[in-house]
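First comes the structure, then the notes that go with it.
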Amino acid sequence: MPRSTDAALSRASNIASCFVIPEPVEARDFPDKGNMSHEMYLVVAGPEGDQREYLLQRMNNDVFTDPHRVVAAMQACTAAQLAYMERHPLPEGTRWDTLTLVPADHGGPILEIADASSISFWRMMVRIGGCTSYKSLNQVRSRAKRLALAEQAGRGLALFGDLTSDIDAGELSNPLPGYRDTRVYYSQLDSVLNGSRTLTDAAPYLPEDAVVRETTQFHFLVHLNEREYQARLNDPELQPYIDLTLESRELAFALLRAMERGTIRRVAIHGDTKLDNFLFDAETGAVRALVDLDTIMPHTWLADWGDMARSLVNVVGEKATDLSRVRVDTDVFEALARGFLSTAREVTEPEIELMVDAVQILALELGVRFLADYIRGDSYFQVAPGDPPDINKTRAMVQLTLYRELTRRAAAMRRCVAACRSRHAIDG
């Protein structure tokens, strides 16, 4: 990632000075920036010998169109975690840190900066010290340490779910309308397979909800010329994967239907449980926090679990061109399940019974998203410089191959969940 210029750092220092932190203030590069952040800086503030560290972030209001609502959900999430720990102290030796927002000089959590053409939204958080993060399990060379890290990630998700379980999900809205709605993703696929090029063409597939329709309708349309569209649509390499997604529609909606029936709960979820959003103690390796709270939303925690697990059990990552190498690391799955089930208090048996299905569903869902995006012309997952032009085709085939492998391993994974659950019940 390119380093910030001196001018950018000077500007960031000036912006940071508008928050309630001690002087002097210095902004520095912060390499661990999230995908949704335009700019993030490490801020060191205070006199030498008594300096404190903060993170200054420009919120991406192109993605999150209502930054104030995003921050309000973040504050509610943090408050709920603190309140739960006050009422239900964590087991001895367990430490959990929450994000702390620093107020701007005007007292609010967001600093708005307007110029002639745009407005930017900035927030500042206390940096959680003594922690490290990982973008991938493969960063850790030791197999035993990788499995220990996976177990800690499972524990971290369970802790987060417990600590936020008292949030009234009915008071939350989705900061990214349509996100994690498997029906929307399938409707987009159906629309582009049908060749929809206008909203009139796409009308039978568009969501009924006006907000979701307005924010997602662009992705129901084909954006390629007809020749390129037909080439992608009729690519013989893709045909088995298109067929697989259409055959799997019933399973794909299982979590949504279970929530609608009331079989499983609708709760506040994190929404982006990739590994690098977990912080681990630099000395002990124990999980300490789950950060990046921009996608707090109402759903089932099984969506968070499924997304985390489908990512971590995939041994080759999302861009593998040799699909024969795509396989499921069942040891990683066992470590995740063990960490989660040994820790979680606020879960139900019907939810636990869907843990294996959830991993399949989230792999399938992401495969559908990549597939639809490739066929319509890469309107959502932009092709980055250096990526091949068919990168989203590759990503789709990887996820759908992973989904197929997960279904083949489902019986063994169910036995693993049952064994972890039984062991936890005995230990408890």
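Inspect all residues belonging to region 280-298 and state whether any of them is part of a helix (DSSP H, G or I), modelled with pLDDT of 95 or more and not polar (S, T, N, Q).
There is no residue in region 280-298 that is part of a helix (DSSP H, G or I), modelled with pLDDT of 95 or more and not polar (S, T, N, Q).
Given the structure, is T65 assigned to a helix (DSSP H, G or I) and among the hydroxyl-bearing types (S, T, Y)?
In short, no.
Just to be sure, is A202 surrounded by 22 or more Cβ atoms within 10 Å (Cβ to Cβ), among the aliphatic types (A, V, I, L, M) and in contact (Cβ under 8 Å) with a residue 60 or more places away in the chain?
no
Check whether at least one residue in region 179-188 is surrounded by fewer than 17 Cβ atoms within 10 Å (Cβ to Cβ) and not small (G, A, S), and report yes or no.
The answer is yes, given that some residue of region 179-188 is surrounded by fewer than 17 Cβ atoms within 10 Å (Cβ to Cβ) and not small (G, A, S).
Are any of the residues in region 339-353 surrounded by 20 or more Cβ atoms within 10 Å (Cβ to Cβ), in contact (Cβ under 8 Å) with a residue 60 or more places away in the chain, closer than 24 Å to S191 by Cβ and among the hydroxyl-bearing types (S, T, Y)?
For region 339-353, residues surrounded by 20 or more Cβ atoms within 10 Å (Cβ to Cβ), in contact (Cβ under 8 Å) with a residue 60 or more places away in the chain, closer than 24 Å to S191 by Cβ and among the hydroxyl-bearing types (S, T, Y): absent.
Which of the residues that make up region 306-332 are closer than 17 Å to L364 by Cα and either of a type in the set (S, T, N, Q) or not in a loop (DSSP other than H, G, I, E, B) (or both)?
Correct list: G306, D307, M308, A309, R310, S311, L312, N314, L323, V328.
Those residues that are modelled with pLDDT under 95 and over 25 Å from the mean Cα position of the chain (by Cα), I need them from region 113-155; list them, please.
Residues satisfying the conditions are I113, A114, D115, A116, S117, S118, I119.
Here's the yes/no breakdown for (1) of a type in the set (A, V, I, L, M); (2) modelled with pLDDT of 95 or more; (3) crowded, with 23+ Cβ neighbours inside 10 Å:
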site	(1), (2), (3)
D243	no, yes, no
E247	no, yes, no
R257	no, yes, no
T263	no, yes, no
R266	no, yes, no
L275	yes, yes, no
W301	no, yes, yes
D331	no, yes, no
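State yes or no: is T295 under 22 Å from V368 (Cβ atoms) and under 19 Å from the mean Cα position of the chain (by Cα)?
Criteria met by T295.
Take the residues of region 42-86 that are within 18 Å of the chain's Cα centre (by Cα) and aliphatic (A, V, I, L, M): which is farthest from L172 (Cα to Cα)?
Applying the filter and picking the extreme gives M59.
Within region 264-277, track down each residue that is of a type outside the set (A, V, I, L, M) and either assigned to a loop (DSSP other than H, G, I, E, B) or touching a Ser or Thr at 6+ places or on another chain (Cβ under 7 Å) (or both).
R265, R266, H270, G271, D272, T273, K274, D276
Mind checking which residues of region 164-173 are under 18 Å from the mean Cα position of the chain (by Cα) and surrounded by 21 or more Cβ atoms within 10 Å (Cβ to Cβ)?
T164, L172
Specify the residue that is farthest from the chain's Cα centre (by Cα); the eligible residues are those in region 89-112 that are in contact (Cβ under 8 Å) with a residue 12 or more places away in the chain and over 23 Å from C131 (Cβ atoms).
D105
Quick one: is E334 without any contact (Cβ under 8 Å) to a residue 12 or more places away in the chain and within 25 Å of L290 (Cβ to Cβ)?
Criteria not met by E334.
Examine region 384-394 for a residue that is within 21 Å of E151 (Cα to Cα) and either touching an Asp or Glu at 6+ places or on another chain (Cβ under 8 Å) or surrounded by 19 or more Cβ atoms within 10 Å (Cβ to Cβ) (or both), and state whether such a residue exists.
There is no residue in region 384-394 that is within 21 Å of E151 (Cα to Cα) and either touching an Asp or Glu at 6+ places or on another chain (Cβ under 8 Å) or surrounded by 19 or more Cβ atoms within 10 Å (Cβ to Cβ) (or both).
Of all residues in region 294-331, which are out of contact with any strand residue (DSSP E or B) (no Cβ under 8 Å at 6 or more places or on another chain), closer than 26 Å to A419 by Cα, touching a residue at least 40 places away in the same chain (Cβ under 8 Å) and of a type in the set (S, T, Y)?
Answer for region 294-331, where residues must be out of contact with any strand residue (DSSP E or B) (no Cβ under 8 Å at 6 or more places or on another chain), closer than 26 Å to A419 by Cα, touching a residue at least 40 places away in the same chain (Cβ under 8 Å) and of a type in the set (S, T, Y): just T330.
The values are calculated or read from the model by the stated rules, or taken from the named source; none is laboratory data. If you're wondering where the values come from, they're calculated on a predicted model, not measured in any experiment. Heads up, the Cβs are rebuilt from the backbone with ideal geometry, glycines too, and the neighbour counts pull from every protein chain shown.
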